Amino acid sequence: MALQLEQKQAIVSEVSQVAADAYSAIAAEYRGLTVSELTELRAKERQSGVYLKVVKNTLAKRALEGTPYECMRGGLVGPLMLAFSQEDPGSAARLVKDFAKQNNLLAVKMISIGGELLD
């Protein structure tokens, strides 16, 4: 089902606000993960002060525009989830790293700390 314009605007606004206040951001490919695995990851995300969202790439590009994480826009290709650290710079990285140890299908594609894209 296609999203209505108002829904798209709400998603872009929400992600943009979170990105503006975040310490770091990660884009990770989730291709092949089951619904139960994603649900498990989201449960851990709520406990660790991380904002995790699966967003269409076109909406993510718009949301990151004008934020410190605009540098990530060029790499948003494929099925990606965005994770933003809201409490400390390493919380999103720890969450994704720990989850990837159990589920090798989760792969980090980009990391940005304070608006600087890391290789």
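The values are calculated or read from the model by the stated rules, or taken from the named source; none is laboratory data. What you see is a predicted model, and the numbers here were worked out from it, not measured in a lab. Quick reminder, even Gly has a Cβ in these numbers, built from the backbone with ideal geometry, and neighbours come from all protein chains shown.
Filtering the stretch 63-74 for residues that are exposed (fewer than 15 other Cβ atoms within 10 Å of the Cβ) and touching a strand residue (DSSP E or B) at 6+ places or on another chain (Cβ under 8 Å) leaves an empty set. Screening residue 51 against (1) at pLDDT below 95; (2) surrounded by 15 or more Cβ atoms within 10 Å (Cβ to Cβ); (3) more than 17 Å from residue 117 (Cβ to Cβ) leaves a single unmet condition, (1).
Quick check on this structure: which one of 93, 28 is buried (at least 17 other Cβ atoms within 10 Å of the Cβ), of a type in the set (Gly, Ala, Ser) and modelled with pLDDT of 95 or more?
On the way: 93 fails: modelled with pLDDT of 95 or more.
Only one candidate qualifies: 28.
Is it the case that some residue within the stretch 1-16 is touching a Leu at 6+ places or on another chain (Cβ under 6 Å) and polar (S, T, N, Q)? Looking through the stretch 1-16, none of the residues is touching a Leu at 6+ places or on another chain (Cβ under 6 Å) and polar (S, T, N, Q).
Of all residue pairs spaced 6 or more apart or on separate chains, none has beta-carbon atoms under 6 Å together with a first member in the stretch 32-61 that is over 13 Å from residue 94 (Cα atoms) and in contact (Cβ under 8 Å) with a residue 12 or more places away in the chain and a second member that is in a helix (DSSP H, G or I) and of a type in the set (S, T, N, Q).
Regarding the stretch 71-94, can at least one residue be identified that is free of Cβ contacts under 8 Å to residues at least 24 places away in the same chain and closer than 23 Å to residue 3 by Cβ? Walk me through how you get there before you give the answer.
If we filter the stretch 71-94 for residues that are free of Cβ contacts under 8 Å to residues at least 24 places away in the same chain, which is where we start, we get 73-74, 77.
Restricting the remaining residues to those that are closer than 23 Å to residue 3 by Cβ gives 73, 77.
Looking for residues that are free of Cβ contacts under 8 Å to residues at least 24 places away in the same chain and closer than 23 Å to residue 3 by Cβ, one finds at least one in the stretch 71-94, hence yes.
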